[in-house]
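Computed from the coordinates by the stated procedures, all read-outs in this text should not be read as laboratory data. Computed from a prediction, not measured in an experiment: that's the story for all the values here. Here the Cβ is made from the backbone with ideal geometry for all residues, glycine too, and neighbour counts use every protein chain on show.
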Amino acid sequence: MDTRLLFQDADAFVIPMLAVFAVDVATGKDATPLPALLTTSDTISRAAERVLSSGEFKASVGETLLLHAPSGIKAERLLLVGLGKAKSLSVDEIRKGAGTAVRTAKPRGFRDIAIAFPEDHALSDEHLEDLPCALMSRALVEGAELADPDYDIYRSDRVDRSLRTLTVIAREAEKATSAETIAGFEEGRIIAAAQNFARDLVNEPGNVLTPTELGKRAASMCAEVGLACEVHSTEKLHELKMGAFWAVSQGSPEPPALIVMTYEPKLEKGGSPQVDAPVFGLVGKGITFDTGGISLKPGDGMEKMKYDMAGAAAMIGAMRAIAQLKPSVKVIGIVCSAENMPDGKAFKPGDVVTAMSGKTIEIINTDAEGRLVLADGLHYAKTLGCTHLIDAATLTGACVVALGKDNVGLFSNDDDTFIQFLSVLRKSGEKYWRLPCTDDYREQIKSQIADIMNTGAHRWAGAITAAMFLKEFAQDTPWLHLDIAGCAWIDEQRSWIAKGPSGIAVRSIVEWVRSYAT
């Protein structure tokens with residue numbers, strides 16, 4: 001999809017469909033105001049006046065109403081897109097609104113559409129908090145780009161309904177803030193492309209996306225955007241004494257892949273590296289298929305276990321965006337990729353393995369394999385000089401039980417690092433909920449014959465004991481753990497995005513890294 005930004009009057013733009021946003025300005029009082037359009041165009045307002053006054057359209061989030069041959073404007077159709085209540089409007093609703101416009105156009109065969117840039121000053125201050133133009137511009141592009149893919153690429157009868165062009169139209173009068181709007185627009189394109197790259201990886205079946213293939217695609221991406229990349233396999237794992245990582249991979253004929261992507265900020269001419277500058281380690285769980293190993297999973301739903309590398313995909317996508325956005329901090333992305341299979345050579349419950357850090361681990365359940373590969377990945381990141389760590393993984397079903405599919409489980413060993421991450425969520429629009437990761441829970445992973453067990457002593461607090469396991473390898477390094485198990489796959493199509501991989505965490509990870517650079 002070719003996405004572009006124009007500064008002109010939307011009502012004069014010739015296009016098959018023009019989308020304009022609307023909000024609910026009702027305050028709960030007896031007199032219920034009608035939905036209000038986020039536009040100062042009198043022509044567009046008049047075209048929608050009759051239907052708005054009918055009460056047929058409520059402007060709830062994702063609600064749409066399509067008007068044919070709207071009077072006075074050049075577009076063939078006018079699409080009203082609801083963003084919900086004005087008093088709670090955020091950039092995330094704008095992101096969803098743009099996605100809804102795209103998803104509404106696709107099944108109707110519209111290949112070229114336009115969206116009128118939301119004018120928050122169209123309403124009085126009492127209704128709407130001012131939103132920065134750059135942030136709105138970015139959210140529009142992200143929402144539209146993320147809405148375009150449909151994950152049916154292996155169907156022989158597939159019909160490509162992708163949009164050809166999307167034009168975001170800001171008023172001619174808004175050129176005074178055009179620099180900020182354009183900057184946000186370009187950032188949105190970069191970040192959305194990175195998230196879609198991650199989604200494409202997650203969507204691939206396990207027989208296509210093996211650890212080796214994941215390494216190839218990561219290396220190709222790095223070459224495209226100018227990142228340094230190394231892809232290692234079995235020999236390197238043995239050289240580094242990554243016993244935890246190797247244990248997971250040894251039951252599969254497919255060799256493991258240790259992927260290391262490095263972004264180095266360019267120094268100004270004559271400048272020298274800052275001695276105490278932070279170095280960020282992005283560590284992703286890359287289990288390209290998870291049977292559970294000897295602790296075999298139930299057959300029902302096992303086909304979804306191709307998504308068990310969504311944490312790795314998030315890190316690869318984040319590195320793609322970081323390379324293009326060029327923050328002034330060093331970032332190292334590490335992916336530990338393997339298949340978890342029940343072969344005769346597979347690791348077994350009761351085995352004791354030694355991680356790269358030297359810590360010994362008693363294997364209680366081979367289906368708790370993600371934390372094993374991450375253990376070696378986190379320690380390796382520290383040996384490469386990383387001063388701040390973040391990992392992402394589809395780690396536990398327990399986190400889904402606790403939080404459902406709307407919030408990512410967030411754990412940290414450092415309050416300042418957590419607060420820094422929390423501060424970027426207004427931009428990313430992703431939802432996280434912090435769960436405890438305190439020493440009260442450490443007793444649950446103590447082993448009688450080794451240093452720690454790879455599961456808790458009982459089934460309670462499963463997401464927390466998994467985080468406690470990882471904390472053993474982060475040690476005192478500021479660290480964030482994102483358990484994305486509930487949010488990495490969208491089970492039901494929504495009005496603004498297709499069913500399938502979500503690409504969760506890419507936006508937040510990128511913004512977290514950038515927040516230190518500014």
With Cα atoms, 0 to 90° folded angle of helix 178-203 axis to the chain main axis: 50
In straight Cα distance, which lysines are under 20 Å from Lys427, not counting same-chain residues fewer than 8 positions off? Lys85, Lys87, Lys96, Lys326
Quote the Stokes-Einstein diffusion coefficient, in whole µm² s⁻¹, for the chain, based on the Kirkwood radius over alpha carbon pairs, a temperature of 20 °C and a viscosity of 1.002 mPa s. 89
Can you give the Rg to Rh ratio of the stretch 420-518, both from alpha-carbon atoms, with Rh computed by the Kirkwood formula? 1.05
For the stretch 2-188, percent of DSSP beta bridges that are antiparallel (nearest 5) comes out at 25
What is the distance in Å between the Cα centroid of the stretch 178-240 and that of the stretch 452-518? 18
Need the list of lysines near Lys241 for cross-linking: C-alpha distance under 16 angstrom, and skip anything on the same chain fewer than eight residues off. Lys359, Lys382
Listing Leu240, Leu83, Leu66 by rising number of other beta-carbon atoms within 10 angstrom, fewest first, gives Leu66, Leu240, Leu83
Counting only DSSP beta bridges with both residues in the stretch 359-518, tell me the antiparallel percent, nearest 5. 45
Identify, among Ala26, Ala116, Leu389, the residue whose Cα sits farthest towards the positive end of the charge dipole of the chain, taking +1 on the Cβ of Lys and Arg and -1 on the Cβ of Asp and Glu, with the dipole about the Cα centre. Ala116
Take every Cα pair under 8 Å in the chain that's 6+ residues apart, average their separations, divide by the length, and report that relative contact order as a whole percent. 15
Please state the charge dipole magnitude for the chain, taken about the Cα centre, from unit charges on C-beta atoms (+1 on K and R, -1 on D and E), reported in debye and rounded to the nearest 20. 600
Amide H contacts under 5 Å for Trp479, placed H, 5+ residues apart: Leu389, Asn413, Asp414
For the chain, the longest principal axis of the Cα atoms and the Cα long axis of helix 91-105 enclose an angle in degrees, to the nearest 10, of 70
What are the lysines whose alpha-carbon lies under 20 Å from the alpha-carbon of Lys306, with same-chain residues fewer than 8 places away excluded? Lys216, Lys285, Lys297, Lys405, Lys499
Write out the cysteines belonging to the chain for which the nearest other cysteine Cβ is not under 4.7 Å, or none if no such cysteine exists. Cys133, Cys336, Cys386, Cys399, Cys437, Cys487
Working out 0.36 nm times the residue gap between Arg50 and Asp2, then minus their Cα-Cα distance, what length gain in nm do you get to one decimal? 13.9 nm
DSSP beta bridges in the chain, what fraction antiparallel, as a percent rounded to 5? 40
Between the alpha carbon centres of the stretch 414-433 and the stretch 259-328 the gap in Å comes to 18
What trypsin sites (Lys or Arg not before Pro) in the stretch 245-328 are in a loop by DSSP, with at most 12 other Cβ atoms within 10 Å of the Cβ? Lys266, Lys269
Kindly put Val335, Val275 in sequence by how many other C-beta atoms sit within 10 Å of each C-beta, fewest to most. Val275, Val335
In sequence order, what are the phi-derived ³J(HN,Hα) couplings for the stretch 481-495 according to the Karplus relation 6.51 cos²θ - 1.76 cosθ + 1.60 with θ = phi - 60°, rounded to whole Hz, with x for glycine and proline? 10, 10, 8, 9, 4, x, 10, 7, 10, 9, 7, 10, 4, 10, 5
Relative contact order (%) - the stretch 2-188, alpha-carbon pairs under 8 angstrom, separation at least six: 30
Given 4 °C and 1.567 mPa s, compute D for the stretch 2-188 with the Stokes-Einstein relation, Rh being the Kirkwood radius over Cα pairs; round to the nearest whole µm²/s. 78
Please order Lys405, Lys345, Lys427 by the number of other Cβ within 10 Å, starting at the fewest. Lys345, Lys405, Lys427
